[in-house]
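Below: one structure, written as C-alpha cells.
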Amino acid sequence: MLRLTLAQMRQSIGRLTAGGVAIAIGTAFVAATLLAGGVITRTGYDSLTASLAQADLVAEYVDTEMLEEITALPEVAAAQPTTVVGVELQRGPTQIWVGVTPRATDPRLEVQTLVEGVLPDDAGEIALPGPMAERLKVAIGDEIEAPYSVWSDVSPTADPAAGTDADAATDTGASEGVWESSTMTLRVVGLLDDPLGAYTGQGGAGVVTPADAERLYGGTPLVDGYTNVLLAVTPGADVIAAQQRISQAADTAVYTKDEAAQELIATFGADGQIFTKLVLGFAAVALIVAALVISNTFQVLVAQRTRTLALLRCVGAGKRQLRASVLIEATILGVVASVTGIVGGTVLAQSALMVLRRVAVDAPLPATVSVTPSVILAPLLVGTLMTVLAALMPARAATRVPPIAALRPADAPVVTSRSSRVRVVLAALLTVGGVLGLVGGVVMGASDPTIGLLLGVAGGAASFVGVLVGAVFWVPKVVSGTGRLLARTGPSAKLAAANTVRNPRRTAATSTALLIGVTLVAMMSTGAASARTTLNTALDSQYPVDVLIAVPDRADGTTAVLPPAVELGVRQVDGVETMVPVRSVSASVGPAGTSSAENGGWIGLRAIEASDAAQVMRSSPSANELRDGVVVMPPNVAARFDVVDGDTVPVEQANHTGDDSWSAPTAQLTVVVADFGGSGILVTPATYSQIVPEGASANELWVRLASVDDAASAFVGIQDALQDHSVSIQGAAAERAQFQQVIDTLLAVVVGLLGVAVVIAVVGVANTLSLSVLERRRESATLRAIGLSRRQLRLTLAIEGLLIAGVGAVLGAVLGMLYGWAGSATVLSTVADVTLVVPWRDMSLVVLVALVAGLLASVLPGRSAARTSPVAALAVD
C-alpha cells in the first residue's frame, strides 16, 4: 500500500500542494512565534539586568551602617551602590541634565564598557558615553563644568557686637546650616559604551570617582536606606553561603544575580509570555482553519479516487488498508508541510531580527535566533497531528461504501436526525451559556477586572464554539436565503443558490473557516478602535499637558526664571500649537479645617488662568472650578490628602531649607475636585500671589501639540531647539503617543496573523468548489447538453464561491463586532467610560477581500468544469 499511496500522491500533487501550503503556513507561525518568544525573553533579560553588571549578589535597601557591615565581611570583595546622581553638565552655551555613577571598585561591577581612554581615577575626572560627548561637543582631554550645591552644617556663633541678637538666634535655632553653591570642573578622560542599554532611560550616564559622586549628590552618602548595592564575592567563596551570611549580618534581603533578575523581569517577562501566548493563539487559529482546509482537500481526493478505491476493494483490498493508505498520505503530507513551515518560520524570524537590529539600535537584540528542540518538535508534531486528524473523516468515508456502490458517484451526505438533535442541544447550551457568561463578564468587569475578564473570555469562547457547532444548520440556510435573493438575476445565480445547500456540512465547514478568521479580525479591529477612542479619553485626563518645560529645582529648593528665549525657541518648532507660561512652586497642604500647613504633605502647586488651561490642557478644569479662592485637585490628590469637595485646607509654600525660623503666608482655600489628571494642584494667579507674593515670574512652559500622533518628532524638535538651555523637558505626549502606537502595532500584528487564517480559508473555498465540480460532473454535463454555456457554468461556480465567502465574511464581521464591543467593555470599564466604535473601513475591507477571494477561488474549478465536454462527463458510468 505504501507504493500505491506514493503513486497516488504523485498524481494528486497539485491538490496536495494546496493543502500542504495551509499546514505549512500554520506551522511557520508556530515556529516563528516560539523563536520570537525566545528573542523577547533574551532581550528583556539582557535589557533589564544590564544594571546588575556581573554582580554575584544584590543587597536591597542598604544604608551607610549596613554597607560598612557588608564590606567588612571576608566573603565580600567589592560593593557598588546603584545610585545614579542627576547633574547639570555645561560646555560653553550647551547645558544638559544627565546622570552620573561612581566608578566601580571592582571591574565586575562596572556596568558600562570603556571604548577609549581610561576610567576616572582622580578627582575632577569623568568618562562620558559617546552620544553624550557628541552632544556636549567634547573629546578626551576637554573640560566641562558641573554646578552643584552642598548642605553644610554651621553652628550659630555669638557676635559680641550683636548682644542679645545672637542669643535670640541660638534660642530659636534660626540657622543650623546653609546651602553652599559651587562648580566642579571635570576633565573628560574616557568614552563609554552602554551595550545593553542600562541607562537608556536616563539618556546615558557618565562615570566619576566615588568622592566626586558624593559631592555632586549634595555631600550626602550614596546609600540612604533605599539603595540597592551590587556585591562581588571573594574569588573561591561560595555564593550561596555568602548570600546567607550577608543577609544575616546586614538584616536585609540579598539575592543572587539570577534571583534579582527574576524580580526585575517579573512584570516584563510576563508581558513577553503574554505576547508569545497571544501570537501562539493566533497560530492555533491558523492551524484549525488549515485543518478544515486539509479535511476538504482529502474529501476532494477521495472523491477523485472513488473509482480507483472501488477497484482496489474489488481486487481484495480491505477497509483497513484503504484507511491506512489515506492516513499514510496525510502523515507524509503533514511531515513535509510541517518541515517546510519550520524552515520558513525560522527564515522569517531571522530576517525580522536582522531588520530590527538595524532599526532598533538601542535594544540589545541577539544576532541570531536560538533554534531549540522545542522550536522544531512542537510545530512538527502539531502540524502532522492536525493533518492526520483532519484526514480521519475522509479516510472513514473512503471505506464506508461497498465496492459495487463505490463504482457510482457518491451522493451528498446528509445530517441524520439523531446527530441533529444532539448537535442542536449542544450548540444551544454553549451559545446561551456563553452569552450569559459574556454579559456577566461585562457587568463584573466594572467592579472586579480579573473575574470579569476570566468570565468574559470563558463566555465568549463558549458562545463562539456554540455558534460553530450549530453552523451546519444555520449557515446553509443563510446562504440559501441570500442565494434566493440573487436567483432573480438569472439561471446561473439560481443554480448556484441550489448547489450551496446540496452538501450542508461542506458548505458550513467552508463558510465557517472564513467565519473564524473574519470574526477574529473584526473582533480585534472593533476592540482596538473602541480601545483607542476610550483610551484617548483616559489619556486626556492622565496626560493633560503634552510637553512640560521647566527650570530644574536647585538643591535648596528654589527655582530660576524661565529664560524668554525658551518660549521663542519652542514657538518655532513644527507641530507646536500653543503654549502658556506657568508659575509653579512646591507647596505644603495641611489637613482640612486646620490653620497651618507646617506639617502637611508636599505637592506641586501651579498658577494658571482657566482660559489658558482650556487652551493648553487636553483635560482642564472649567472656569467655574478654577476660580479665585479655591484649590483644584484631581481625585487621586484629594484622596491622598483625605479631603472632599468643599473642604477648606491651609496651603503655603514648602520649606526646602530646613530652617526652623521659616515663615510663609498661609492661604485658606476651598477644595474643588475636578478630573483633569496629573498629580499636582491648580490655583489662579491671584490666589497664587497670596501664597508666594514674590513669585511673579514663570518657571514652566506648558506646550500643546497640534497632533499627539506626531509627538515623537515634535518632542525631538523641542529638545534640539532648547539644546543651549538648562531646562528639563517632560514629554507626556510622547508617552501617550507610545500607548497609541502599541495599540496600532498590536492591531496590525493581529490583523496580519489572522489574515493568514483568511488566506488559508480561501484555499478551503477553492477545494470545496473543486469537490462540488466533481460531485456534479454528470449534472453539469446534462446542463451543458441542454444549452447552458461554458460562461454560464463558470458564472454559476463564481456566484457559489461569492455566496459561501460573502456569507462567512458578513456573519464573521457582525460576530466580531459584538465580541469586540463586549471585550472592550470588559477590559476597559475600570479605565474610563467605554466608547463603542464601529470601524466601518476595516469591516468593509475585510468583507470586500473575502468576496474577491471567493471569486478568485472559483476560477480554477470553473475552468475545469467548463473544459470538460458533456460527452466525456456523461461517460462516468
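What follows draws every value from the coordinates through simple rules; no lab data is involved. Since the model is a prediction, treat every value here as computed from it, not as a measurement. Neighbour counts run over all protein chains shown; Cβ positions are idealised from the backbone, glycine included.
Which FRET efficiency value, to the nearest 0.05, is calculated for E116 and E609 with the Förster distance at 60 angstrom and r the Cβ-Cβ distance? Could the numbers behind the result be given before it?
Details: r = 53 Å, r/R0 = 0.88.
The pair E116/E609 has a calculated efficiency of 0.70.
Once fully extended, how much extra length lies between T835 and E88, figured as 0.36 nm per residue of separation less the alpha-carbon to alpha-carbon distance? Mind showing how you got there, number by number?
Values: separation 747, 0.36 × 747 = 268.92 nm, distance 4.51 nm.
Computed gain between T835 and E88 is 264.4 nm.
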How many angstrom separate the Cα center of the range 234-254 from the Cα center of the range 564-609?
47 Å
Order these by the 10 Å Cβ neighbour count, fewest first: T227, T33.
T227, T33
Could you work out how far apart the two model spin labels at T71 and L454 are, taking each label as a point 7 Å from the Cα in the direction of the beta carbon, and quote it in nm?
5.0 nm
Residues of the range 93-110 with backbone N under 12 Å of the label point set 7 Å from the Cα of A249 along Cα→Cβ are none
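Give the peptides 806-812, 207-213, 368-374 in descending order of average Cβ contacts within 10 Å, highest first. The partial results should precede the final answer.
Numbers: 806-812: 25.3, 207-213: 20.4, 368-374: 13.1.
Most protected by this proxy first, the peptides run 806-812, 207-213, 368-374.
Using only the Cα atoms, work out Rg/Rh for the range 547-730, with Rh taken as the Kirkwood radius, to two decimals.
On the way: Rg = 16.8 Å, Rh = 17.1 Å.
Radius of gyration relative to Kirkwood radius: 0.98.
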What's the extension gain from R867 to D63 if we count 0.36 nm per residue and subtract their Cα-Cα distance?
280.7 nm
Taking other Cβ within 10 Å of each residue's Cβ, how do S181, S325 sort, fewest first?
S181, S325
Rounded to the nearest 0.05, what FRET efficiency do D628 and V443 give with R0 = 56 Å and r taken as the Cβ-Cβ distance? Could you check?
0.80
Can you sort F29, F473, F715 from fewest to most other Cβ atoms within 10 Å of each residue's own Cβ?
F473, F715, F29
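Highest mean first, how do 784-791, 720-727 rank when packing is the count of other Cβ atoms within 10 Å averaged over residues? Numbers along the way, then the final one.
Numbers: 784-791: 13.2, 720-727: 16.5.
Descending mean neighbour count gives 720-727, 784-791.
First measure r as the distance between the Cβ atoms of R488 and R320, then evaluate 1/(1 + (r/R0)^6) with R0 = 56 Å and state the FRET efficiency to the nearest 0.05. Write down the numbers at each step before the final one.
Values: r = 51 Å, r/R0 = 0.91.
It comes to 0.65.
How long is the gain from W474 to D258 if the chain were fully straight, where each residue apart is worth 0.36 nm and the alpha carbon distance is subtracted?
Working: separation 216, 0.36 × 216 = 77.76 nm, distance 5.60 nm.
Result for the pair: 72.2 nm of gain on full extension.
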